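Asks: The structure follows.
Computed from the coordinates by the stated procedures, all read-outs in this text should not be read as laboratory data. All of these numbers come straight from a predicted model, not from anything done at the bench. When we count neighbours, we look across all protein chains shown, and the Cβ atoms used for this are built from the backbone with ideal geometry, even at glycine.
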Amino acid sequence: MSSPNAQPPKAPAQLREVTPGVLVATSTIMATNTTVLTDGHDALLVDPSWTPDELDSLARQLRERRLRVMGGFATHAHHDHLLWHPDFGDAPRLASPRTAALAREERDGLQQALGPSFPADLKDLMGRVEPVERMPTECVPDGFTVELLIHDGHAPGHTALWLPRQAVLIAGDMLSDVEVPLPFWPDDLAAYRRGLACLEQAAGAAGYVIPGHGSVSTDAAHRLLADQILLREAEQGVADPGDPRLTDPTMRDYYARIREMSSRQSAAGLANDPPTTAT
Ligand SMILES: [Zn+2]
């Protein structure tokens, strides 16, 4: 047991099937999504998350379904996406090269972000990922192809997983219905826009999108467009866009920060622009 002082169970997130072989459990914290890809025997875990009792519950549910964990993948180097549980076993845990490097370099801060009461064994397992540019087939269950869409923006080396055979886009912390674009640490709006562009083709073809936080949707393209529109509105200095995510005060604060970034960058851009000469 990884959480000996577990509270009375509070309905830990249950895995539910989005489409055959693709299971999702949603955390009580920030609606964080764990994705499990399975052929009924083997399983690849994407961002298993995130409270200790939820990780215990995930391990139990995998055991009840008699699934063997053949691999794990972390979409980016933030504490809520790098987790693992001893009962998942010692299958390869993978991430993009930049994510793997950050998980190592920023290990102390990432562990602190889990909070003082997080069990030591789970803290120790956090972030132990190996770098890959492509998904090794021995970590992918039968019936799946996993394409890694590696980009920057939300985090350096952030990675979405595109499953062309299931038409499922596992978007990491992009394309959320509860979070606005978060192009921070490092602040880089241009990288975020490029990140969205990197997802555009898959989003257009996706039957389902599974965001890192929020609800699973059948309309990935609409989510992507909503993010592009919000970034454009920030750039234009729109104070109060109609985006429903901004009813959350935290998201309003983030939007204000994006506006500040936009105006800083356009001021810097104007200062750097060479004088135009009429020809
Ligand atoms: Zn996250």
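Asks: Any residue in the range 252-266 that is among the small types (Gly, Ala, Ser) sitting within a Cβ distance under 7 Å of a residue that is crowded, with 16+ Cβ neighbours inside 10 Å and part of a helix (DSSP H, G or I)? List the pairs, counting only those 6 or more apart or interchain.
Replies: Matching pairs, first to second residue: SER262/LEU189; SER262/ALA234; SER262/GLU235.
Asks: Take ALA91 and tell me if it is of a type in the set (Gly, Ala, Ser), part of a loop (DSSP other than H, G, I, E, B), in contact (Cβ under 8 Å) with a residue 24 or more places away in the chain and out of contact with any helix residue (DSSP H, G or I) (no Cβ under 6 Å at 6 or more places or on another chain).
Replies: Details: of a type in the set (Gly, Ala, Ser): yes; part of a loop (DSSP other than H, G, I, E, B): yes; in contact (Cβ under 8 Å) with a residue 24 or more places away in the chain: yes; out of contact with any helix residue (DSSP H, G or I) (no Cβ under 6 Å at 6 or more places or on another chain): yes.
In short, yes.
Asks: Identify, please: which residue in the range 168-201 is crowded, with 24+ Cβ neighbours inside 10 Å and of a type in the set (A, V, I, L, M) and is, among those, farthest from the ligand (Cβ to nearest atom)?
Replies: VAL168
Asks: Also, quick follow-up: Which of the following residues is buried (at least 17 other Cβ atoms within 10 Å of the Cβ), in contact (Cβ under 8 Å) with a residue 40 or more places away in the chain and on the phi > 0 side of the Ramachandran plot: GLY72, GLY127? Before the answer, list the steps.
Replies: On the way: GLY72 fails: on the phi > 0 side of the Ramachandran plot.
Residue meeting the stated conditions: GLY127.
Asks: Are any residues in the range 49-87 under 16 Å from CYS139 (Cβ atoms), in contact with a helix residue (DSSP H, G or I) (Cβ under 6 Å, 6 or more places away or on another chain) and not aromatic (Phe, Trp, Tyr), and if so, which ones?
Replies: Across the range 49-87, the qualifying residues are VAL69, MET70, GLY71, ALA74, THR75.
Asks: Is it the case, given these coordinates, that ARG98 is surrounded by fewer than 20 Cβ atoms within 10 Å (Cβ to Cβ) and closer than 18 Å to ASP124 by Cα? Outline the logic, then answer.
Replies: On the way: surrounded by fewer than 20 Cβ atoms within 10 Å (Cβ to Cβ): yes; closer than 18 Å to ASP124 by Cα: no.
In short, no.
Asks: Now for a separate question. Among the residues of the range 28-36, are any hydroxyl-bearing (Ser, Thr, Tyr), in contact (Cβ under 8 Å) with a residue 40 or more places away in the chain, crowded, with 19+ Cβ neighbours inside 10 Å and assigned to a strand (DSSP E or B)? Reasoning before the result, please.
Replies: First, pick out the residues of the range 28-36 that are hydroxyl-bearing (Ser, Thr, Tyr): 28, 32, 34-35.
From what's left, in contact (Cβ under 8 Å) with a residue 40 or more places away in the chain: 32, 35.
Now restrict to residues that are crowded, with 19+ Cβ neighbours inside 10 Å: 32, 35.
Narrowing the set further to residues that are assigned to a strand (DSSP E or B) leaves 32, 35.
Scanning the range 28-36, I find at least one residue that is hydroxyl-bearing (Ser, Thr, Tyr), in contact (Cβ under 8 Å) with a residue 40 or more places away in the chain, crowded, with 19+ Cβ neighbours inside 10 Å and assigned to a strand (DSSP E or B), so the answer is yes.
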